[in-house]
Amino acid sequence: MKEDLNYYKAKKRVERIKGFYGHLVSFIVINLVLYVVNLVTYPNDFWFDYWFYWQLLIWGVGLVFHGIVVFYSLPFFGKEWEERKVKQFMAEEEYQNNKME
(Lines give C-alpha, C1' and ligand atoms only; values in the text may rest on other atoms or scores of the structure.)
Protein backbone atom coordinates (compact mmCIF):
# COMPACT_ATOMS: atom_id res chain seq x y z
CA MET A 1 0.00 0.00 0.00
CA LYS A 2 2.82 2.40 0.87
CA GLU A 3 4.61 1.61 -2.41
CA ASP A 4 1.41 2.43 -4.32
CA LEU A 5 1.12 5.76 -2.51
CA ASN A 6 4.76 6.59 -3.22
CA TYR A 7 4.31 5.67 -6.87
CA TYR A 8 1.19 7.85 -7.09
CA LYS A 9 3.03 10.80 -5.52
CA ALA A 10 5.99 10.40 -7.87
CA LYS A 11 3.69 10.15 -10.87
CA LYS A 12 1.79 13.31 -9.83
CA ARG A 13 5.06 15.19 -9.39
CA VAL A 14 6.24 14.14 -12.86
CA GLU A 15 2.90 15.32 -14.29
CA ARG A 16 3.31 18.71 -12.58
CA ILE A 17 6.85 19.09 -13.93
CA LYS A 18 5.71 18.05 -17.39
CA GLY A 19 2.90 20.63 -17.18
CA PHE A 20 5.38 23.34 -16.25
CA TYR A 21 7.64 22.54 -19.21
CA GLY A 22 4.61 22.58 -21.52
CA HIS A 23 3.74 26.00 -20.12
CA LEU A 24 7.33 27.17 -20.68
CA VAL A 25 7.42 25.97 -24.30
CA SER A 26 4.09 27.61 -25.10
CA PHE A 27 5.31 30.81 -23.42
CA ILE A 28 8.42 30.91 -25.60
CA VAL A 29 6.74 29.97 -28.90
CA ILE A 30 3.71 32.22 -28.55
CA ASN A 31 5.77 35.19 -27.37
CA LEU A 32 8.17 34.81 -30.29
CA VAL A 33 5.20 34.88 -32.67
CA LEU A 34 3.72 37.91 -30.89
CA TYR A 35 7.07 39.67 -31.02
CA VAL A 36 7.24 39.15 -34.80
CA VAL A 37 3.66 40.43 -35.15
CA ASN A 38 4.61 43.45 -33.07
CA LEU A 39 7.64 44.19 -35.27
CA VAL A 40 5.62 43.81 -38.48
CA THR A 41 2.70 45.98 -37.37
CA TYR A 42 4.68 48.73 -35.63
CA PRO A 43 8.23 48.57 -37.00
CA ASN A 44 9.34 52.12 -36.14
CA ASP A 45 6.90 53.29 -33.51
CA PHE A 46 8.38 52.78 -30.05
CA TRP A 47 5.23 53.84 -28.13
CA PHE A 48 3.07 51.10 -29.60
CA ASP A 49 5.60 48.43 -28.69
CA TYR A 50 4.36 48.43 -25.11
CA TRP A 51 1.49 45.98 -25.64
CA PHE A 52 3.96 43.18 -26.28
CA TYR A 53 6.06 43.90 -23.22
CA TRP A 54 3.02 44.12 -20.91
CA GLN A 55 1.68 40.74 -21.92
CA LEU A 56 5.21 39.30 -21.74
CA LEU A 57 5.60 40.62 -18.20
CA ILE A 58 2.20 39.44 -16.97
CA TRP A 59 2.51 35.97 -18.48
CA GLY A 60 6.12 35.78 -17.27
CA VAL A 61 5.03 36.44 -13.69
CA GLY A 62 2.46 33.66 -14.01
CA LEU A 63 5.14 31.34 -15.36
CA VAL A 64 7.45 32.17 -12.45
CA PHE A 65 4.71 31.38 -9.92
CA HIS A 66 3.95 28.13 -11.75
CA GLY A 67 7.64 27.20 -11.49
CA ILE A 68 7.74 28.05 -7.78
CA VAL A 69 4.70 25.90 -7.10
CA VAL A 70 6.11 22.97 -9.09
CA PHE A 71 9.76 23.00 -8.00
CA TYR A 72 9.57 24.52 -4.51
CA SER A 73 7.00 23.91 -1.86
CA LEU A 74 5.14 26.95 -0.68
CA PRO A 75 4.86 27.19 3.10
CA PHE A 76 1.06 27.01 3.15
CA PHE A 77 0.97 24.11 0.66
CA GLY A 78 3.95 22.14 1.94
CA LYS A 79 4.45 18.41 2.29
CA GLU A 80 2.70 18.27 5.66
CA TRP A 81 -0.42 19.92 4.24
CA GLU A 82 -0.32 17.55 1.26
CA GLU A 83 -0.02 14.49 3.51
CA ARG A 84 -2.95 15.66 5.64
CA LYS A 85 -5.10 16.22 2.56
CA VAL A 86 -4.24 12.81 1.10
CA LYS A 87 -5.14 11.11 4.38
CA GLN A 88 -8.32 13.17 4.65
CA PHE A 89 -9.46 12.27 1.13
CA MET A 90 -8.61 8.61 1.65
CA ALA A 91 -10.61 8.57 4.90
CA GLU A 92 -13.56 10.28 3.22
CA GLU A 93 -13.46 7.78 0.36
CA GLU A 94 -13.30 4.85 2.75
CA TYR A 95 -16.22 6.28 4.74
CA GLN A 96 -18.28 6.65 1.56
CA ASN A 97 -17.46 3.10 0.47
CA ASN A 98 -18.42 1.67 3.88
CA LYS A 99 -21.60 3.73 3.89
CA MET A 100 -22.69 2.27 0.54
CA GLU A 101 -22.17 -1.35 1.63
Next item on the list: Check Val64 against each of (1) free of Cβ contacts under 8 Å to residues at least 24 places away in the same chain; (2) among the hydrophobic types (A, V, I, L, M, F, W, C); (3) over 30 Å from Glu82 (Cα atoms) and name the one condition it does not meet.
Entry: (3)
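Within the stretch 13-35, restricting attention to residues that are among the hydroxyl-bearing types (Ser, Thr, Tyr) and modelled with pLDDT of 95 or more, which residue is farthest from Ile68 (Cα to Cα)? Let's see the steps before the verdict.
The initial filter retains those residues of the stretch 13-35 that are among the hydroxyl-bearing types (Ser, Thr, Tyr), namely 21, 26, 35.
Checking the rest, the ones that are also modelled with pLDDT of 95 or more come to 21, 26.
Working: Tyr21: 13, Ser26: 18 Å.
Once the filter is applied, the top-ranked residue is Ser26.
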Item checked: Failed item, numbered, when Val64 is tested on (1) out of contact with any Phe, Trp or Tyr (no Cβ under 8 Å at 6 or more places or on another chain); (2) modelled with pLDDT of 70 or more; (3) over 30 Å from Leu5 (Cα atoms) -> (3)
Checklist line | Candidate set from the stretch 72-83 (those that are surrounded by 11 or more Cβ atoms within 10 Å (Cβ to Cβ) and in a helix (DSSP H, G or I)); member that is modelled with the lowest pLDDT | finding: Phe77
Notebook entry, point to check: Of the conditions (1) at pLDDT 95 or above; (2) farther than 18 Å from Ile58 by Cα, Asn6 fails just one. Which one is it?
Noted result: (1)
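The values are calculated or read from the model by the stated rules, or taken from the named source; none is laboratory data. None of these values were measured; they are calculated from a predicted model. Virtual Cβ from ideal backbone geometry, glycine too; neighbours counted across all protein chains shown.
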